[in-house]
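Enquirer: Quick one: structure below, then a few questions.
Values in this text are rule-based calculations from the coordinates and carry no lab data. These numbers come from a predicted model, not from an experiment. Cβ coordinates were reconstructed from backbone atoms using ideal geometry, including for glycine residues, and neighbour counts include every protein chain displayed.
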Amino acid sequence: MFETSSIEINQEAYRNNIEFIKNQCGPGVRFCSVVKGNAYGHGILTFVKMAIDVGVDYFAVYSTDEAYRIRAQISDQVDVMIMGNTDNQALQWSIENGIEIFVFDLERLRQAIDFAKASNKKAKIHIEVETGMNRTGFLLEQLQEVFKIIKENDKHIDLIGFCTHYAGAESLVNDFRVQQQIQHFEEAKIMLANADLKAKYIHSACSAAMINYPETVGNLVRIGIMQYGFWPNEETLIRFNGHSRETDQTLKRLISWKSQIMAVKKVMKGEFVGYNTSYQAYADI
């Protein structure tokens with residue numbers, strides 16, 4: 001009530017950033033706002049409410065707790081995907097409440113089916129493919145078994161997405177690795193089609209991949225850092241500008257921290273300020 005400082009989130013700056021991102025992606029590509037990590041420090045509840053006002057209707061989180069906060073405290077009219085881990089209780093809640101989940105191992109796939117059967121609701125899943133990040137995802141040689149299980153349980157599964165994640169799309173030093181991942185994901189997509197399965201969304205592009213590897217933009221992008229007004233790194237900005245180091249004017253940062261001046265003091269040269277001798281005035285100030 002009597003705060004002396006405040007954090008402000010600029011809605012018009014966000015609107016600008018969303019327009020820029022959508023122009024980069026082109027028509028027919030759905031935008032998913034990544035709000036993991038408390039919306040990258042912007043405050044997940046404040047940020048999601050603002051994003052909804054701007055027209056965003058799809059959010060990606062890391063944890064079930066983040067998904068629960070969006071559903072319970074903001075809106076049940078937006079789509080939410082959980083990209084991280086969900087234990088049994090969290091998995092059950094997610095399925096019962098129409099939350100989308102990443103599935104990256106067979107145990108989790110079978111658990112999702114069991115909970116879907118028990119709740120009489122379809123499990124909304126994204127199949128994550130391991131293409132070289134070596135973190136989470138099904139190996140290519142596992143996909144035939146995955147597809148078989150999905151087809152056998154099609155009454156209990158809604159295949160929302162087929163996806164992967166790139167290991168360092170922001171830097172050219174990783175280009176050989178990203179190119180290998182792109183190729184592996186292409187192979188996985190062919191396998192999906194050959195299995196006579198179709199996912200609603202094919203997605204792999206993050207902020208960096210959207211800019212540096214536009215061929216990875218499927219019909220959905222998962223955008224984190226750029227929506228907040230930050231480039232993934234300086235190299236990505238330079239590549240976007242055609243190898244120019246011109247100051248970027250396309251993205252606008254949303255967050256600002258404002259406070260009040262408590263007092264103004266005059267200090268003579270040689271005097272110390274504050275505790276101990278941590279700062280000595282080198283001139284009259």
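Enquirer: What's the angle, to the nearest 10 degrees (0 to 90), between helix 64-73's Cα axis and the longest principal axis of the chain?
Expert: 80 degrees
Enquirer: With each pseudo-label sitting 7 Å past Cα toward Cβ, what's the Ala281-Val78 distance in nm, one decimal?
Expert: My value for the distance between the label points is 5.0 nm.
Enquirer: Right, something else. Where a ≥ b ≥ c are the square roots of the eigenvalues of the C-alpha gyration tensor, would you call the stretch 9-255 rounded, which needs a/c under 1.5, or, failing that, prolate if a/b is larger than b/c, or oblate?
Expert: Oblate is the answer for the stretch 9-255, as a/c is 1.5 or above yet b/c matches or exceeds a/b.
Enquirer: Work through the residues other than Glu96 whose Cβ is under 15 Å from its Cβ and net out their charges, Lys, Arg +1 and Asp, Glu -1.
Expert: Neighbour charge sum, excluding Glu96 itself: 0.
Enquirer: To continue, here is another question. Taking the simple approach of a point 7 Å from Cα along Cα-to-Cβ for both Glu187 and Lys148, what is their distance in nm?
Expert: 2.0 nm
Enquirer: Whole angstrom only: what separates the Cα centroid of the stretch 179-213 from the Cα centroid of the stretch 87-158?
Expert: Cα centres, the stretch 179-213 to the stretch 87-158: 18 Å.
Enquirer: So how do Asp114, Asp87 line up by other beta-carbon neighbours within 10 Å, fewest first?
Expert: Final ranking by Cβ density, sparse to dense: Asp87, Asp114.
Enquirer: Can you give the extra length, in nm with one decimal, that the chain gains between Glu96 and Trp257 once fully stretched, where that is 0.36 nm per residue apart less the Cα-Cα distance?
Expert: Taking Glu96 through Trp257 to full extension adds about 54.0 nm, to one decimal.
Enquirer: Of the chain, which part is the longest with no trypsin sites (Lys or Arg not before Pro) in a loop (DSSP not H, G, I, E, B) and with at most 13 other C-beta atoms within 10 angstrom?
Expert: 1-134
Enquirer: Using a Gaussian network model of the chain whose springs link C-alpha atoms within less than 10 Å, name the residue from Phe20, Phe102, Phe176 with the highest mean-square fluctuation.
Expert: Taking springs between Cα atoms under 10 Å, the residue moving most is Phe176.
Enquirer: Over all Cα pairs of the stretch 1-105, how is the pair count split among 5 Å bins, expressed in % and running from 0 up to the last occupied bin?
Expert: 2, 11, 22, 21, 17, 13, 8, 4, 1, 0, 0
Enquirer: Let me ask you something else. Order by neighbour count: Val264, Val217, fewest other Cβ atoms within 10 Å first, most last.
Expert: By the 10 Å Cβ count, ascending: Val264, Val217.
Enquirer: How high is the relative contact order of the stretch 1-126? Use alpha-carbon pairs under 8 Å, at least six apart in sequence, and give a whole percent.
Expert: Over the stretch 1-126, the number comes to 17 percent.
Enquirer: Taking the Cα centre of the stretch 116-186 as origin, work out the dipole magnitude from +1 charges on Lys and Arg Cβ and -1 charges on Asp and Glu Cβ, in debye rounded to 20.
Expert: In debye, rounded to 20, the stretch 116-186 gives about 480.
Enquirer: Among Gln180, Gln73, Gln92, which one moves the most in a GNM of the chain with springs linking Cα atoms closer than 10 Å?
Expert: It is Gln73.
Enquirer: Can you give the extra length, in nm with one decimal, that the chain gains between Val267 and Asn88 once fully stretched, where that is 0.36 nm per residue apart less the Cα-Cα distance?
Expert: Answer, rounded to one decimal: 58.2 nm.
Enquirer: Tilt of helix 106-119 relative to the longest C-alpha principal axis of the chain, in degrees (0 to 90, nearest 10)?
Expert: Value to nearest ten degrees: 80.
Enquirer: Let me ask something else about it. Where does each of Met81, Met268 land when they are ranked from fewest to most other beta-carbon atoms within 10 angstrom?
Expert: Met268, Met81
Enquirer: With no solvent and one equal point scatterer per Cα, compute the Debye intensity ratio I(q)/I(0) for the stretch 101-167 at 0.23, 0.29 Å⁻¹ and report its log10, rounded to two decimals.
Expert: With no solvent term, the Cα-only Debye profile gives -0.94, -1.35.
Enquirer: Relative contact order, percent, of the chain when contacts are C-alpha pairs under 8 Å separated by at least 6 residues?
Expert: Taking the mean separation of contacting Cα pairs over the length of the chain, I get 21 percent.
Enquirer: Considering the zone a paramagnetic label at Lys22 would reach in this model (a point 7 Å from Cα along the Cα-to-Cβ line), which residues of the stretch 51-95 have amide N under 13 Å from it?
Expert: 52-58
Enquirer: Return the subset of Lys36/Lys189; Lys36/Lys151; Lys151/Lys198; Lys124/Lys200; Lys22/Lys151 for which the Cα-Cα distance in this structure is over 22 Å, preserving the input order.
Expert: Where the Cα-Cα span goes over 22 Å, the pairs concerned are Lys36/Lys189; Lys36/Lys151; Lys22/Lys151.
Enquirer: Here is a further query. Among all the lysines, which ones have a C-alpha under 22 Å from Lys258's C-alpha, if same-chain residues fewer than 8 places away are not counted?
Expert: Lys49
Enquirer: Amide H of Lys124: which non-local residues (sequence gap of 5 or more, or other chain) have their own amide H closer than 5 Å, using H built in the peptide plane?
Expert: For Lys124, whose amide H was placed from the backbone, the distant partners under 5 Å are Ile101, Asp158.
Enquirer: Roughly what % of DSSP beta bridges within the chain run antiparallel, to the nearest 5?
Expert: Of those bridges, close to 20 percent are antiparallel.
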